[in-house]
Amino acid sequence: MSTAKNAQHLVVRFSDYLYKGIDTIREHKLVIENKGAVWFAKVGRPLAKRKIEILNGQISKNIRTYLFLVQNKETSYIWTQAILENVATELAKNDTTLIPSYYKRHNIDGQSSIWFKVSKLYTASKSDIQKCYVVSSRRPINQTLNSSMAAMFMIYLGDMGNQKKSNKYQVSFEEALLDVYEDEFDDY
C-alpha cells in the first residue's frame, strides 16, 4: 500500500461523554482484535458524497488513507489514528458483526449517518498530528479544532509549514461547511 503526497484524510471529533462508562477506542479495538476490522459510526450530519468518493477512491487505489479520531479531554486533545478501509452511508446487514456491542444498546447503529471501516487503531504520533492541515483553509488542524465546532475535517498529511502564509487560505465558516457538507447546499 502506498501513500500519496496529495492524499486526503479525515479528522472526526468524538466523545466518550455521550455514553457513560464506554471507552470508545477500547471497544473498537476489541472488535478489531476479534474480527480484523471494525465500523466506527458517526451520528449527525454525514460527510458530503464527493468527500466519500475521494476517500473511497484513494482506498481502491491502495493509497493509505487515515481516519483521525479526536477527543477533547480537559485542556488537550487525545488523538487516535486509524487505517481507513471504507466509508459508507449505510451499514450492510452482514457487517453488523463488525460493530461494538454497545451500538445496539444505545441505538447508535440506528442513528448513524456515516460509517468508517478501519483495520487498525493506534495512538497518533505528535509528528503526524503536526503535519495535519485542513484542506479548505490550509491551516494546521490544531488551530482549527480550537476555533471551530465542526465535527469533521478533510485534511492533508504533509509538510505545509514551510509554505508562505497568506489570507487567500482564510475561509469563512460557511465555506468550511461547504467543504464537508456541500451536498446539502447544492441549490445555492
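A few comments on the model shown:
- Condition check for S172: of a type in the set (G, A, S) and either at pLDDT 80 or above or touching a Gly at 6+ places or on another chain (Cβ under 9 Å) (or both): no
- Test for S137: is it over 16 Å from L69 (Cβ atoms), buried (at least 17 other Cβ atoms within 10 Å of the Cβ) and among the polar types (S, T, N, Q): yes
- Complete set of residues in region 25-51 that are of a type outside the set (D, E) and without any contact (Cβ under 8 Å) to a residue 60 or more places away in the chain: R26, N34
- Subset of region 122-134 (residues that are assigned to a strand (DSSP E or B) and surrounded by 14 or more Cβ atoms within 10 Å (Cβ to Cβ)): C132, Y133, V134
- All conditions in (1) more than 18 Å from the chain's Cα centre (by Cα); (2) surrounded by fewer than 12 Cβ atoms within 10 Å (Cβ to Cβ); (3) at pLDDT below 90 hold for S147, with the sole exception of (1).
- Annotation note: Cβ proximity below 9 Å between a residue of region 53-70 that is closer than 10 Å to N86 by Cα and free of Cβ contacts under 8 Å to residues at least 40 places away in the same chain and a residue that is β-branched (V, I, T) and surrounded by fewer than 19 Cβ atoms within 10 Å (Cβ to Cβ) (sequence gap 6+ or interchain) occurs for G57/I63.
- Count - residues of region 108-163 that are within 28 Å of L91 (Cα to Cα) and among the charged types (D, E, K, R): 3
The values are calculated or read from the model by the stated rules, or taken from the named source; none is laboratory data. Source: prediction; values computed, not measured. In this analysis, Cβ positions are derived from the backbone assuming ideal geometry, glycine residues included, and neighbour counts consider all displayed protein chains.
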